[in-house]
Amino acid sequence: MIGTTSTKEGAPLAGAPALSLEHVSKVFGRRRAVDNVTFDLPQGAFLSIFGPNGAGKSTLLRMLATLSRPTSGSAKIMGIDLKEDPDAVRAHIGLISHNSMLYGDLTAEENLMLSAKLYGIQNARERVDEMLEAVELSHRRMDVVRTFSRGMTQRLCIARALLHDPDVVFLDEPYSGLDPHAVEIFDDLIAAVREDRTFVMVSHDLQKGFATCSHALVLARGRVVAYAAKDDIDYDAFEALYRRTVGMGVA
Amino acid sequence: MGKDGYRSPQTGGVLDRIAPVVTLIGALLSTAGFVLAFTLAGPVNGATVNGVEVIGGEMVSNQLLFSQKIFYFHMPVAVTSMVMIGFVAYFGIRFLQTRDAAWDERARIAAGIALLFVLATMFTGEMWERFEWGVWWTWEPRLTTYFILMLLVFAYFVMRASFDEPERRATFASVYGIVMFIDVPITFAITRIVPSSVHPTIFRTDSGLSPDMLLPLLLSLFGMLCIAYGLFRLRLRAQELDERVEHIKEQLDEA
Amino acid sequence: MNPILEQIYATILPSAPFVIAAYALVWLALLVYVVFVTVRLKRTEAQVTALEEALAHRQTDETASVLKKD
Amino acid sequence: MARASIKKPSTFAQYRTLLAKDLRREFRTKEMLTAMGIYALLVLVVYGAALSQTSNQFDILQMAAGLLWALVVFTSLLGLNRSFAHEQENACLEGILLVPLDRSVVFLAKATSNLIFLVVVEIVVLPLFYFFFLTTTQPADTWPLIWLPLLVGTVGIAGIGTLLATITVNSRGKDVLLAVLFIPLVFPLLYACVAASTVVLAGGDVEGVFGNSLLLAGGYDVVMVLLSWVLYDYVISA
C-alpha cells in the first residue's frame with residue numbers, strides 16, 4: 001500500500017517540551033490577533049489560557065491545533081515544527097471543543113470507527129470498545145448521537161479526541177453549554193484520561209481553569225501578559241491581574 | 001512581514017508617482033482615438049444601394065454605416081474589462097501565496113474597476129445592438145458569455161458582502177476571482193468556437209481591419225488601459241488612507 | 001440630394017443618437033466612478049478633521065487638570 | 001488502557017472511508033435524496049402548467065433538452081446546499097481537518113458522493129420526464145445517447161458545486177449565495193450540454209454539434225474540476 005509510513009514512531013523527541021513557541025504571530029492587515037507569543041510548556045503539564053473575549057485565545061489554540069497557519073514565528077509541538085510538517089503534528093494532538101465534531105445521524109460506534117479509520121488505528125475495534133467503556137457509553141453504542149444529551153455528547157467527544165492516543169490535548173471552552181453536574185463528570189473524566197498527556201485549555205472561567213491547571217497564561221490583545229507555573233503564582237495577585245486585563249477592554 | 005524576503009506591496013512608490021501622468025496619457029490617447037475614429041477611419045459598408053455614387057474620389061455602392069463607429073470604443077472598453085478581471089485573478093493568486101491582506105485589497109479594487117468597464121461595455125454594446133438589430137437583447141454567443149462575465153463580477157461582490165471575518169472573506173474571494181477568470185478566455189474565443197457569431201474575429205493575422213481602422217482602435221485601447229490604471233491607483237490610495245484613519249482611531253481607543 | 005446619395009447616407013442620421021449615446025455612457029460611467037472615489041475621499045477627510053479635533057480636545061483636558069491642582 | 005497502534009492509511013483508504021461515511025449517512029436519513037426527488041417532481045408539475053397552453057403543433061422535442069437541464073441545475077442546487085449542512089452542524093469538518101490527511105481527499109470524497117446522489121436522482125427523474133412530456137412525440141433514434149451529456153454535465157456540476165458549497169456553507173444567506181455563485185459559473189457547461197442533448201433528442205448533426213459540444217463540456221469539466229481540486233485546500237482551511 002502507498003503511504004503506509006508510520007507517523008507515530010520516533011517522530012516526537014523524548015525530551016522536547018510539549019509546546020515550544022517562538023515569536024508566534026497571527027496578523028491580518030493591520031489587525032494582530034496574536035502578537036509575538038513566546039513560551040515553552042513541559043510535557044505532562046496542564047496549561048490554562050485566560051483572557052478577555054477577543055484576546056486571541058481561540059486564534060492561538062486554532063493555530064496550535066493546525067487549523068490555521070501562523071503568519072510568522074515558529075511553533076513546535078512535541079519537537080515537531082508546526083509549519084513544516086503539520087500532518088506529523090496532527091498525529092500527536094487531539095481537540096475537544098464546545099462543538100462536538102460528531103455526526104448526529106451516525107451512531108456512537110460509527111462516529112468513533114470513522115475517526116479510527118481516518119487516523120489508521122490498527123486495533124480499531126478494540127480501541128473503540130475501550131474508549132466507549134472509559135466514557136461509560138458502551139450501552140449506547142448503537143444509538144445515533146442526535147438522541148444523546150449534552151453531557152453524553154461531550155463524553156463521546158472526549159472519546160473521539162483521545163482515540164488515537166494524542167500526546168497533547170487541546171480544550172477549547174469545554175464547559176460552555178454544560179450544567180454544573182456535567183462539568184463535574186467532565187472534570188473527573190479528564191482526570192481519568194490524564195495519564196502523561198499534556199493539556200492546553202482555553203477558558204474564561206478563572207476559578208475552574210485555575211483549579212485544574214499546572215501552568216497559567218494570561219493573554220490580552222494577542223500578547224502574553226503573564227505566564228508561570230501554578231506553584232509560583234500568588235492567586236490573589238493573579239486574580240487582580242486578570243480583572244485588570246478583562247477591564248482593558250475588548251479588541 | 002518578512003519571510004523569505006517577501007515585501008508587502010506599498011502605495012506611494014513609483015507606481016503611484018507615474019499614475020497621474022499615465023492617466024493624462026490615457027485621456028489624450030483615447031481622445032485621439034475618438035477623433036481619428038471619425039476622421040481617419042474609413043466608413044464601413046452596409047447593404048448595397050441601387051446605383052453608384054462618387055464620394056471623395058471613390059466609387060460607393062453601399063450604405064455607409066455610421067453606427068459602426070461605436071466599435072472604436074466598445075472593443076477597447078471590453079478588452080480593458082477583461083484585463084482587469086485578469087488582474088483580479090492574479091491578485092487572488094498572490095493573496096493565496098502570501099496571505100497578505102494588501103493583495104486582497106488590490107483584488108477587490110481591480111474587481112470594482114472591472115465592473116465599471118463591464119458596465120461601459122454593456123452600455124455601448126446595447127446602443128449598437130439596438131440600432132443594428134432593432135432589439136434590446138438577443139442570446140447571441142458573445143453577448144451571452146459577456147453577460148455571464150458581468151454576472152460573475154456581481155457574484156464576486158455579493159459573495160464579499162456575505163462574510164464578516166476578513167481573512168476568510170479574502171480567501172474565498174480570491175478563490176472565486178481565480179475561478180471566475182475561466183470565463184474570460186471563453187468569452188474571448190467564443191467567436192472562433194461558434195462561428196455564427198455576429199462579432200467579428202479581430203485578433204488574428206488576417207483580421208480584415210485596415211491600418212486606418214486599426215490605428216484609432218489601438219489608440220483607444222491603450223488609452224482605456226491607461227485610464228483603468230490611473231483609476232486603480234487613485235482608488236487604492238484613497239482606500240489606504242481610509243485604513244490609516246481607522247488604525248489611528250483604534251490606537252486612540254487604546255491610549 | 002440625389003436619391004442614391006440619400007440611400008448611401010440613410011443610416012447615418014438615425015444612428016447618430018445611438019453613437020452619441022454610446023460614447024456619452026462610457027464617459028458617464030467613468031465620471032460616476034470618479035465621483036464615487038471623490039465622495040469617499042471627502043468622508044476620509046472629514047474623519048481626519050474629527051480626529052484632529054479629538055486630539056486638540058484631549059490636550060485642553062489635560063491643561064484643565066493641571067490648573068485645578070494650583 | 002491499551003495504547004493505540006497507528007499506521008497512516010493510504011490516501012485511497014481515507015477517501016473510501018470518507019465516501020462510505022457520506023453514503024451511509026445519506027442512505028440512513030435520505031435527507032438530500034428525498035428533498036431533491038420531491039423538488040424535481042414539483043418542477044415537472046410546474047412545467048406541466050407552463051406548457052399547458054401550448055398548441056398541439058408545438059414541438060416539445062426542440063425544448064425538451066433545455067427543460068431537462070433546467071430541472072437538473074435547480075435540483076442539484078438544492079442538493080448541493082444540503083450536502084454540507086450536516087458537516088457544519090457540529091463543526092464535523094473541523095474534526096476531519098484535525099486528522100493527518102491530504103485536503104484534496106476531502107474534496108474528492110465529497111464530490112464523488114454528490115455525484116452519486118445527483119446521478120441517482122437523475123435516474124429517477126429521467127423516466128418521469130419522458131412519461132410526462134415525451135410520450136406524445138417520437139424522439140430521434142439517437143436518444144439513448146443522452147446519458148453522455150448528462151454524465152459529463154453532472155460531473156462538472158458536482159465538482160464546481162462541491163467547491164462552492166464549501167464556501168457558501170459558512171455564509172449568511174447560504175442558499176441564495178450558492179445560486180448566485182454557481183449558475184454563472186456553470187453556464188458554459190450548461191450551454192454545451194443543452195446543445196448536445198438537443199441534438200440527440202430532436203435529431204440533427206450528431207457527429208458535428210454533438211461531438212463538439214461534448215468536447216467543450218468535457219474540457220470545461222477537466223479545467224474546473226482540476227482548479228477546484230487545487231483550490232480546495234485554501235477554501236476548506238479558511
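Being assigned to a helix (DSSP H, G or I), within 14 Å of another protein chain (Cβ to nearest Cβ) and at pLDDT 90 or above is a condition met by no residue of the range D:135-150. If I go through the range D:205-224 residue by residue, how many of them are loosely packed, with under 15 Cβ neighbours inside 10 Å and either touching a Cys at 6+ places or on another chain (Cβ under 7 Å) or at pLDDT below 85 (or both)? Looking only at that region, the number is 3.
Would you check which residues across the range D:29-71 are surrounded by 14 or more Cβ atoms within 10 Å (Cβ to Cβ) and among the charged types (D, E, K, R) and list them? Hit for the range D:29-71 is D:Glu31, nothing else. Can you pull out every residue in the range D:127-174 that is without any contact (Cβ under 8 Å) to a residue 12 or more places away in the chain and either in contact with a helix residue (DSSP H, G or I) (Cβ under 6 Å, 6 or more places away or on another chain) or within 19 Å of D:Ala192 (Cβ to Cβ) (or both)? Passing the criteria: D:Trp147, D:Ser171. Inspect the range B:86-100 for any residue being touching a residue at least 60 places away in the same chain (Cβ under 8 Å) and outside any helix (DSSP H, G or I) and give the result as yes or no. Yes, some residue in the range B:86-100 is touching a residue at least 60 places away in the same chain (Cβ under 8 Å) and outside any helix (DSSP H, G or I).
Here's the yes/no breakdown for (1) in contact with a Pro (Cβ under 7 Å, 6 or more places away or on another chain); (2) at pLDDT 85 or above; (3) buried (at least 20 other Cβ atoms within 10 Å of the Cβ):
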{"site": "B:Met159", "(1), (2), (3)": "no, yes, yes"}
{"site": "B:Glu165", "(1), (2), (3)": "no, yes, no"}
{"site": "B:Tyr176", "(1), (2), (3)": "no, yes, yes"}
{"site": "B:Val179", "(1), (2), (3)": "no, yes, yes"}
{"site": "B:Pro185", "(1), (2), (3)": "no, yes, no"}
{"site": "B:Ser196", "(1), (2), (3)": "no, no, no"}
{"site": "B:Ile202", "(1), (2), (3)": "no, no, no"}
{"site": "B:Leu219", "(1), (2), (3)": "no, yes, yes"}
{"site": "B:Met224", "(1), (2), (3)": "yes, yes, yes"}
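Number of residues in the range A:88-111 that are at pLDDT 90 or above, within 18 Å of the chain's Cα centre (by Cα) and more than 13 Å from A:Pro166 (Cα to Cα) equals 2. For the range B:233-240, the condition of being at pLDDT 90 or above, farther than 24 Å from C:Val37 by Cα and more than 9 Å from chain C (Cβ to nearest Cβ) holds for none of the residues. Total residues in the range C:1-29 satisfying the condition of being more than 7 Å from every other protein chain (Cβ to nearest Cβ) and either β-branched (Val, Ile, Thr) or farther than 23 Å from B:Phe131 by Cα (or both): the figure is 3. Of all the residues in the range A:83-100, those that are touching an Asp or Glu at 6+ places or on another chain (Cβ under 6 Å) and either under 16 Å from A:Met131 (Cβ atoms) or surrounded by 22 or more Cβ atoms within 10 Å (Cβ to Cβ) (or both) number 2. With the requirement that a residue be touching a helix residue (DSSP H, G or I) at 6+ places or on another chain (Cβ under 8 Å) and more than 16 Å from A:Ala191 (Cα to Cα), what does the range A:126-141 give you? Once the filter is applied, which keeps residues that are touching a helix residue (DSSP H, G or I) at 6+ places or on another chain (Cβ under 8 Å) and more than 16 Å from A:Ala191 (Cα to Cα), the range A:126-141 yields A:Arg127, A:Val128, A:Asp129, A:Leu132, A:Leu137, A:Ser138, A:Arg140, A:Arg141. Each residue in the range A:138-152 was checked for being at pLDDT 90 or above, surrounded by 14 or more Cβ atoms within 10 Å (Cβ to Cβ) and among the aliphatic types (A, V, I, L, M), and 2 pass. Of B:Glu129, B:Glu140, B:Glu167, all but one fail to be charged (D, E, K, R) and within 14 Å of chain C (Cβ to nearest Cβ); the exception is B:Glu129. Taking helices (runs of 4 or more DSSP H) as the structural unit, those lying wholly within the range A:135-251 and holding at least 3 residues that are among the acidic types (Asp, Glu) correspond to A:180-193.
Just to be sure before I move on: is D:Leu23 facing another protein chain (nearest Cβ under 10 Å) and either out of contact with any Asp or Glu (no Cβ under 8 Å at 6 or more places or on another chain) or surrounded by 15 or more Cβ atoms within 10 Å (Cβ to Cβ) (or both) in the structure I sent? In short, no. Yes or no: A:Ala161 touching a strand residue (DSSP E or B) at 6+ places or on another chain (Cβ under 6 Å) and touching a residue at least 12 places away in the same chain (Cβ under 8 Å)? Here the answer is yes, as A:Ala161 does meet what is asked. Look at A:Val168 and say whether it is of a type in the set (Val, Ile, Thr), surrounded by 18 or more Cβ atoms within 10 Å (Cβ to Cβ), within 13 Å of chain D (Cβ to nearest Cβ) and out of contact with any helix residue (DSSP H, G or I) (no Cβ under 7 Å at 6 or more places or on another chain). Answer is yes for this residue. Of the residues making up the range B:2-30, those that are part of a helix (DSSP H, G or I) and in contact with a Ser or Thr (Cβ under 9 Å, 6 or more places away or on another chain) are B:Leu29, B:Ser30.
Among the residues of the range D:213-229, those that are facing another protein chain (nearest Cβ under 9 Å) and either among the aromatic types (Phe, Trp, Tyr) or farther than 18 Å from B:Thr187 by Cβ (or both) comprise D:Tyr220, D:Ser228.
The values are calculated or read from the model by the stated rules, or taken from the named source; none is laboratory data. Quantities reported herein were computed from a predicted structural model and do not represent experimental measurements. Note that we place each Cβ from the backbone using ideal geometry, even for glycine, and neighbour counts take in every protein chain shown.
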